Amino acid sequence: MKALDEAKAADPLSIEPTIFAGSLFLEKYNSPDASSSFDEALSMNPNHPEALFGMAQVKAFDGSPEALTLAEKVLEVSPNHVAARAFVAEQHLGLEDYGSARSEAEKALEVNPLSPDALPILAAAEFLSGNEAGFRAVEARALERNPRDADFYNKLSEIAVNNRLYERAADFAKKAVELDERSWWGYGLLGVNQLRLGDIEEGTKNLELSFKGDPYHIW
């Protein structure tokens, strides 16, 4: 943050340090300060795609329905914004509109066939709609891109939780930590879901590992 403050002082008209600050706050689960940073950026440029996308992420973090509207505005300004397209796809998953989620994820993958943002959303659309073969095909694509892609499984675990599929969520998180022993997000997801499934001892152990690696994680 000190470096960003210095960059902002050196060029007060530059929007990038403010956007980067918002992203850092969001990375550490600090929604109020992230929101303030993105608000400031949007006051400088109301149509800046990264500022709009950052605010969409804040709204999603806060559980606001404005998230989808803001992300769609990003795509009006920047139709090839892959992360925003994948984000819109994920919002459709939350609405149980798996067809639209699949369509948006595929549009993102047309721009970047190896997008780490879009591949887990497409995979989730397949498994939530009961297409196990389709899910396995997308999983193979993701692992071909990166055989140690823990976050592919972490995102799937998170989506499974949102759909109350706790056993599946634990299985995905277990795969994540098997691929990356420093995946603190994975250990947290695994631990929480083990607790939900009644495995208190292992759940507590994995939550302690997660907290040791990432003490900022509020969940």
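In region 141-151, which residue that is part of a helix (DSSP H, G or I) and among the acidic types (D, E) is farthest from the chain's Cα centre (by Cα)? Filtering first and then ranking leaves E144. Across region 98-117, what is the total count of residues that are open to solvent by 60 Å² or more (accessible area, probe 1.4 Å) and under 21 Å from F61 (Cα atoms)? Counting residues in region 98-117 that are open to solvent by 60 Å² or more (accessible area, probe 1.4 Å) and under 21 Å from F61 (Cα atoms) gives 2.
Residue by residue, here is whether (1) free of Cβ contacts under 8 Å to residues at least 24 places away in the same chain; (2) assigned to a helix (DSSP H, G or I); (3) within 18 Å of the chain's Cα centre (by Cα) holds:
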| site | (1), (2), (3) |
| --- | --- |
| E110 | yes, yes, no |
| L119 | no, yes, yes |
| G130 | yes, no, no |
| G134 | yes, yes, no |
| E139 | yes, yes, yes |
| Y153 | no, yes, yes |
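Residues are listed down the side, and each one gets a yes or a no for (1) surrounded by 23 or more Cβ atoms within 10 Å (Cβ to Cβ); (2) aromatic (F, W, Y):
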| residue | (1), (2) |
| --- | --- |
| L165 | no, no |
| F172 | yes, yes |
| N206 | yes, no |
| P215 | no, no |
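Every test in (1) more than 17 Å from F38 (Cα to Cα); (2) open to solvent by less than 40 Å² (accessible area, probe 1.4 Å); (3) outside any helix (DSSP H, G or I); (4) of a type outside the set (A, V, I, L, M, F, W, C) is passed by H92 save one, and that test is (3). Summed over region 155-195, residues that are part of a helix (DSSP H, G or I) and polar (S, T, N, Q) total 4. What about E126, is it touching an Asp or Glu at 6+ places or on another chain (Cβ under 9 Å), in a helix (DSSP H, G or I) and open to solvent by less than 30 Å² (accessible area, probe 1.4 Å)? Yes, satisfied.
Of all residues in region 90-104, those that are hydrophobic (A, V, I, L, M, F, W, C) have Cβ atoms under 8 Å from Cβ atoms of residues that are open to solvent by 40 Å² or more (accessible area, probe 1.4 Å) and in a helix (DSSP H, G or I), 6 or more apart or on another chain, in L93/N162; A101/E90. For region 129-144, the tally of residues that are surrounded by fewer than 15 Cβ atoms within 10 Å (Cβ to Cβ) and among the charged types (D, E, K, R) stands at 3. Here P17 passes the criteria (1) assigned to a helix (DSSP H, G or I); (2) modelled with pLDDT of 90 or more except the one numbered (2). For region 42-61, the set of residues classified as crowded, with 19+ Cβ neighbours inside 10 Å and outside any helix (DSSP H, G or I) consists of H48 only.
Within the bounds of region 62-76, is there any residue that is in a helix (DSSP H, G or I), surrounded by 20 or more Cβ atoms within 10 Å (Cβ to Cβ), free of Cβ contacts under 8 Å to residues at least 40 places away in the same chain and of a type in the set (S, T, N, Q)? Within region 62-76 (the criterion being in a helix (DSSP H, G or I), surrounded by 20 or more Cβ atoms within 10 Å (Cβ to Cβ), free of Cβ contacts under 8 Å to residues at least 40 places away in the same chain and of a type in the set (S, T, N, Q)), the answer is no, since none of the residues qualifies. Looking only at region 27-41, how many residues end up being over 18 Å from P215 (Cβ atoms) and open to solvent by less than 30 Å² (accessible area, probe 1.4 Å)? Final tally of qualifying residues: 5.
Rundown of residues vs (1) touching a helix residue (DSSP H, G or I) at 6+ places or on another chain (Cβ under 7 Å); (2) closer than 26 Å to G130 by Cα; (3) modelled with pLDDT under 95, yes/no style:
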{"residue": "M55", "(1), (2), (3)": "yes, no, no"}
{"residue": "V58", "(1), (2), (3)": "yes, no, no"}
{"residue": "F61", "(1), (2), (3)": "yes, no, yes"}
{"residue": "K73", "(1), (2), (3)": "yes, no, no"}
{"residue": "V82", "(1), (2), (3)": "yes, yes, no"}
{"residue": "F87", "(1), (2), (3)": "yes, yes, no"}
{"residue": "G99", "(1), (2), (3)": "no, yes, no"}
{"residue": "A105", "(1), (2), (3)": "yes, yes, no"}
{"residue": "S115", "(1), (2), (3)": "yes, yes, no"}
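The values are calculated or read from the model by the stated rules, or taken from the named source; none is laboratory data. As the structure is a prediction and not an experimental result, all values here were calculated from the model. Quick reminder, even Gly has a Cβ in these numbers, built from the backbone with ideal geometry, and neighbours come from all protein chains shown. When the accessible area is computed, the model is the full protein with side chains, heavy atoms only, and any ligands, DNA or RNA have been set aside. Shrake-Rupley method; radii C 1.70, N 1.55, O 1.52, S 1.80 Å.
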